[in-house]
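*Asks:* Mind looking over this structure? Questions follow.
The values are calculated or read from the model by the stated rules, or taken from the named source; none is laboratory data. Only a predicted model underlies this, so the values are computations on that prediction, with no experimental measurement involved. Every residue, glycine among them, receives a Cβ derived from its backbone with ideal geometry; neighbour counts consider all protein chains shown.
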Amino acid sequence: MREFILQFLASSLTEGSIYGLMALGLVITLRSTEVLFFGQGTMAMVGGVMMYALFAKAGIPLVISIPCSLVVCIAISLLSLRVIVLPLLARGAPSLNVSMVTIGVSMIFEMLAMMIFGKDPLAVPSFSGDNPVTILGASFVPQHFWILGFTAFFLLLTLVFFKGTWMGKAMTGLGDNPLLAKASGFPVSRLFTYSFVFAALVGGIAGIVSAPTSYTGYNVGLPITLKGFIAASVGGITNPLGALLGGLIIGFFESFTAGFISSRLKDLITFVLLLLVLRLRPQGLLGSGH
Amino acid sequence: MLLSVRGLSAGYGSLMVLRDISFSMERGETLAVIGPNGAGKTTLLWSLSGLVKPKSGEVTFEGKDATGIDCMKVVRLGIGHVLEGMRVFSSLSVEDNLMLGAYGRDMSKGNIQEVFKYFPVLEQRRRQLAGSLSGGEKQMLAIARTLMSSLKLLLLDEPSAGLAPLLVKRLFDILKKLRQEYGLTILLVEQNAEIALEFADRGMVLAQGQIMLEGDASALMKDKEVKRIYLGEGTV
Amino acid sequence: MIMDRWPLFLLIAVVVLFPVVSSSYFVTRLAVVLSINAIMVVGMTLLTRYAGVFSMGQAAFFAIGAYVSGVLTVHLHLNPWLAMAIGGLASVFAAYLFCAPFLRLRAIMLAIATLGLATVIFIVAKNLDDITGGVAGMPDIPYLSIGSYTLGKDWQIFYLCGAFLIFFSFLSDNVGRTRLGRAYHAIRSNETAAMASGIDVQRNMRNIFCFAALLASIAGSLLAHFITFISPESFRPEVGLTLLIVVIVGGANIWAGLLTTVILMGFSEASRGFQDLSTGLYALLLMVIFFVFPDGLSSVLFNVASAARRAGSLYLQPQPLPGADRPRPREEGRIVEVHGVSMYYGGTAALSDVSFSVDSGTICGIIGPNGAGKTTLLNVINGYLAPATGKVLFRGRDVTLKAPHEMARLGVGRTFQLINLFSGMTVIENVMVGCHLKGKSGIFESGLRFARARREEHDIWNTAAQSLATLGLMGRAYDIVDSLSFGEQRLVELARALAMGPDLLFLDEPAAGLNSAEAKRLGLTLRAVRGKGVTIMLVEHNMSLVMSVSDKVCVLDFGRLIACGTPEAVCADEEVIKAYLGPQEAKSAS
């Protein structure tokens, strides 16, 4: 029994990390632009399929294929920002409508990916082999360590960035009081750009490291954006750390539902959790009242 | 002449708040802009600092055209705008708020020491979150932020609003010291006519988007016209 | 009037003639699917474009309708029409339950909550194998029949769906053009002002949400009895998302929404051959449309709304309503009493133990420096804020905790500091919202143009026109309110408040932004309004206006009431002068 619980905890951690990363990206872009960027999941999808192309098919070593995939993710993110989000916002479109339009962005990239890579799920080999490692009775594969490692890295990076760099602090200020930021001469446009780059990195990495454990393919984008959004809502839609926490919570509930109740109801619990949080504490666990 | 404004008209959408405003400021002088609410005082500052684009008119700063330029350029020129309402970044510390006052420009720590000289209470609270400061302290922080990089012209929007009289006096004492030390040019928008005219060299009374009166501050203080515009005795 | 209704007749013509013209099996089936989707879109148009509620979850009610129909007819052999009705009830009930906790959320959170609802229903449908057949689906659903006539052929079902579509389009279009449609528009445009006009925002949003759910449910039942087989796949949450995008792109009225449905969905269904590309191309198409026409296709293709306005000009002259000019019975006594009201923001006292009263039929001016708490005081009396301590009495009744729309019902009208008009509507439509409380018809009554609804609409128009005529704005009645000058917009806001026939009118800085001539005219208007027996409470900075029209002036400073009396007395009051101009001035004045 103890092994089961530990196993589920392990999968909570790994799944939750992915959701947390997605949530983190969503929160960052939401705070600076007030737009809910549905293309967040597209970053994960692009990361995954790029790894398939570069690492799996072309055999390019990790050291090169990971950065290259990330570059593509960043390019797509910035393209969306410059071509869609900023022009619409400049025209005075309400941020809700702009958010809806970004759904279209993700659908278009989904189509492109499907045209290039086909409809079948794509397999990406694990980065360091498949020999399971047993810790305290729970079984991990090396890929899980990659996932946890990158998540921890980004957690650290987020903390360092927002608490330790001026740009991070400026972005916090921008989310806090946009008028004051503007009047103080903050380079608002550039800050938007950096937040979208950050979101692309975080989303891309999520897709890259999780591709070997679950198949990747053209249509992984929207569902994972949704999970990311739920994670952000649960943990605190205004708080980057809340986002990561939310991811872990969602991962936890999903794993335990799948393990102890039924894997078919896994998604159900996530949405019920969402509805509960929205009802009882709309700003999320760590969010500030808005 | 540091600042020259000619024929400035500005507003929001179809609402024209400022109509054909012209005035100028010499280096080192303090001009107080007073008048009833809705007169366009805040809009004047907003159109100078890049938050609102003027519909027509010309603004010249240090001899160069500064009409309708964006906020980033305005700050770089050395114009600092203190918004109405004691605005600070609540979730950042006092020190961070100050340092970000020079964000993108010279961010050496030397400036902050200078600022703390004039606002010792901010030094005491440097690591506290700005959101936890009292109203008066927030106002000081808001002003102190503009001092963090070479400030030539200070735009102050109703610094006394919402502050108790004693705090207001303290604040203006500090402003007098700063003005003397740095030769600051100050464009002060205020509802409280007495405080403003006592502090300034010249005054300008704005009502319904136009300049009704202007002149020497001490003369304006005695002028019955000012009282009339404010309290509306007789007809407008 | 016929010209005005042309899209409806076009729709009827298309529906009637279509099966005659088309003999292709494929095209007819496509048309049925389109009409089913269109029924959902009609409901969503009212919900989203009118009331501003973004619901990504209509698939939930689509599913409920379909599965209830399926289960009741297959397992319990109930009459399909009865099953459809029960399905509709179930959906409305579910919608009602959903509204209570979630309707207050911020727009984007509400949208996600609706998506959550659709997903939950989807998963439930997939997993209740015994009842719904689970992933495998539920086969052998019977056809609908009228008497002994079975509707089994595609063209028969098309006529059935078409009939429902025509019915609901007609109904929704009527709702959109009348009192409730204006109310929804008002809610979306400016909730604060909508409340001040007496609109119960929560209740109206709930009603329209349930209506949209009903339509989705009927669409689902129709689908079940068409394909005779349902599986969860047809009710994926994405369905609701796709339709929402159609509604956003389609634009602000029913007909444009229908056209967009045909274009976008027809395109995506017809390109089944390129099915895989269709999603992406579809997305591309809708984004292009969105970019080029940010207001949706309706701004270009249809201007049915403006036709309706022109049709309104049939009522050329406002006819005096019987008894409208009857002088109001002179009320004696105090209409408003404020006792010890205090209000705190953070640690500061926005209002500090404020007490005063206002006599009926007088004008009371409230003045004070910036930040003194004047607007806060108005908001407390009007119901937008609840005071920390103290009481507010209206005609002797305690109204401290009443909401703004309840105050409106009691006869309190309000204008706001910043213009709170309903953008995108004409001047007269704005004023007609002020008459919202004159009507009681619900969605179906307005939609089906029952006699009472038509009468109410006429009365509302009349009252609004009268109000505009009094202020000299009748000439601009059919212009979009955004095109008016600032001074004119202020007057429209006043007209709207007056159209309510209030006994007490709150005006928050009505002269702000007006030049001296306009301010003088405003003063005359206010005196005329007082002459009709209306009590006015006026927050103003324009001293000459306040002093010349007020019977009594109250002065606030730092949340405290420092003076209350006649204009002359207040002007000479030392404390007042000190508050505005400073202690020096006060000394020199004495």
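*Asks:* Is one or more of the residues making up the stretch A:77-92 within 8 Å of another protein chain (Cβ to nearest Cβ), modelled with pLDDT under 85 and buried (at least 20 other Cβ atoms within 10 Å of the Cβ)?
*Replies:* Within the stretch A:77-92, one or more residues are within 8 Å of another protein chain (Cβ to nearest Cβ), modelled with pLDDT under 85 and buried (at least 20 other Cβ atoms within 10 Å of the Cβ).
*Asks:* Also: Out of the stretch C:101-150, which residues are more than 14 Å from every other protein chain (Cβ to nearest Cβ), surrounded by 21 or more Cβ atoms within 10 Å (Cβ to Cβ) and out of contact with any Leu (no Cβ under 6 Å at 6 or more places or on another chain)?
*Replies:* The answer is C:G133, C:M138, C:I141.
*Asks:* Determine if the stretch C:518-530 includes at least one residue that is outside any helix (DSSP H, G or I), assigned by TED's automatic domain parsing to the domain that holds C:F394 and within 24 Å of C:H436 (Cβ to Cβ).
*Replies:* No, the stretch C:518-530 has no match at all.
*Asks:* Out of A:A231, A:A243, A:A183, A:A199, report the one residue that is over 21 Å from A:V277 (Cα atoms) and either among the basic types (K, R) or in contact (Cβ under 8 Å) with a residue 60 or more places away in the chain (or both).
*Replies:* A:A199
*Asks:* Then there's this: How many of the residues in the stretch B:149-189 are buried (at least 24 other Cβ atoms within 10 Å of the Cβ) and closer than 16 Å to B:F119 by Cα?
*Replies:* Residues that pass the stated criteria total 1.
*Asks:* When only residues in the stretch A:165-174 that are more than 7 Å from chain B (Cβ to nearest Cβ) and surrounded by 22 or more Cβ atoms within 10 Å (Cβ to Cβ) count, which is farthest from the chain's Cα centre (by Cα)? Spell out how you get there, then give the answer.
*Replies:* Taking the stretch A:165-174 first, the residues more than 7 Å from chain B (Cβ to nearest Cβ) are A:165, A:167-168, A:171, A:174.
If we keep only those that are surrounded by 22 or more Cβ atoms within 10 Å (Cβ to Cβ) too, we end up with A:171, A:174.
On the way: A:M171: 19, A:L174: 22 Å.
Looking at the filtered set, the residue picked out is A:L174.
*Asks:* Separate question: Specify which of the listed residues (C:L545, C:L507) is modelled with pLDDT of 85 or more, part of a helix (DSSP H, G or I), hydrophobic (A, V, I, L, M, F, W, C) and within 29 Å of C:I419 (Cβ to Cβ).
*Replies:* C:L545
*Asks:* How about the stretch C:55-84: which of its residues are outside any helix (DSSP H, G or I) and in contact with a Ser or Thr (Cβ under 6 Å, 6 or more places away or on another chain)? Walk me through how you get there before you give the answer.
*Replies:* Here is the first cut: in the stretch C:55-84, the ones outside any helix (DSSP H, G or I) are C:55-57, C:75-79.
Within the stretch C:55-84, C:S55, C:M56, C:G57 meet the criteria.
*Asks:* Just the residues that are assigned to a loop (DSSP other than H, G, I, E, B) and within 14 Å of chain B (Cβ to nearest Cβ), please, taken from the stretch C:470-484.
*Replies:* C:D479, C:L484
*Asks:* Within the stretch A:125-143, does at least one residue satisfy the condition of being within 14 Å of chain B (Cβ to nearest Cβ) and under 20 Å from the mean Cα position of the chain (by Cα)?
*Replies:* So far as the stretch A:125-143 goes, no, none of its residues is within 14 Å of chain B (Cβ to nearest Cβ) and under 20 Å from the mean Cα position of the chain (by Cα).
*Asks:* Check B:G57, B:G35, B:G50 and return the single one that is surrounded by 16 or more Cβ atoms within 10 Å (Cβ to Cβ), more than 16 Å from the chain's Cα centre (by Cα) and at positive phi.
*Replies:* On the way: B:G35 fails: more than 16 Å from the chain's Cα centre (by Cα); B:G50 fails: more than 16 Å from the chain's Cα centre (by Cα).
Residue meeting the stated conditions: B:G57.
*Asks:* Then there is this: Out of the stretch C:420-454, which residues are touching a residue at least 60 places away in the same chain (Cβ under 8 Å), in a loop (DSSP other than H, G, I, E, B) and of a type outside the set (A, V, I, L, M, F, W, C)?
*Replies:* C:N420, C:S423, C:G424, C:G439, C:S441, C:G442, C:R449
*Asks:* Which pairs do you get when a residue that is over 15 Å from C:I39 (Cβ atoms) and modelled with pLDDT under 90, found in the stretch C:52-65, comes within reach of a residue that is of a type outside the set (K, R) and in a loop (DSSP other than H, G, I, E, B), reach meaning Cβ atoms under 9 angstrom, with the pair 6+ apart or on two chains?
*Replies:* Sorted first by the residue in the stretch C:52-65, then by its partner, the pairs are C:V53/C:L103.
*Asks:* Report, by residue number, each residue of the stretch A:194-227 that is within 14 Å of chain B (Cβ to nearest Cβ) and of a type in the set (S, T, N, Q).
*Replies:* The answer is none; no residue qualifies.
*Asks:* Among the listed residues B:T42, B:T60, identify the single one that is hydroxyl-bearing (S, T, Y) and either more than 14 Å from every other protein chain (Cβ to nearest Cβ) or assigned to a strand (DSSP E or B) (or both). Give the steps one after another, and end with the answer.
*Replies:* On the way: B:T42 fails: either more than 14 Å from every other protein chain (Cβ to nearest Cβ) or assigned to a strand (DSSP E or B) (or both).
Only one candidate qualifies: B:T60.
*Asks:* B:T67 fails exactly one of the following numbered conditions: (1) at the interface with another protein chain (Cβ under 8 Å from one of its Cβ atoms); (2) among the hydroxyl-bearing types (S, T, Y); (3) surrounded by fewer than 18 Cβ atoms within 10 Å (Cβ to Cβ). What is the number of that condition?
*Replies:* Only one criterion in (1) at the interface with another protein chain (Cβ under 8 Å from one of its Cβ atoms); (2) among the hydroxyl-bearing types (S, T, Y); (3) surrounded by fewer than 18 Cβ atoms within 10 Å (Cβ to Cβ) is unmet by B:T67, namely (1).
*Asks:* Among the residues of the stretch C:510-540 satisfying the criterion of being touching a Gly at 6+ places or on another chain (Cβ under 7 Å) and under 20 Å from C:N382 (Cα atoms), which is surrounded by the fewest Cβ atoms within 10 Å (Cβ to Cβ)?
*Replies:* Of everything passing the filter in the stretch C:510-540, C:G533 is surrounded by the fewest Cβ atoms within 10 Å (Cβ to Cβ).
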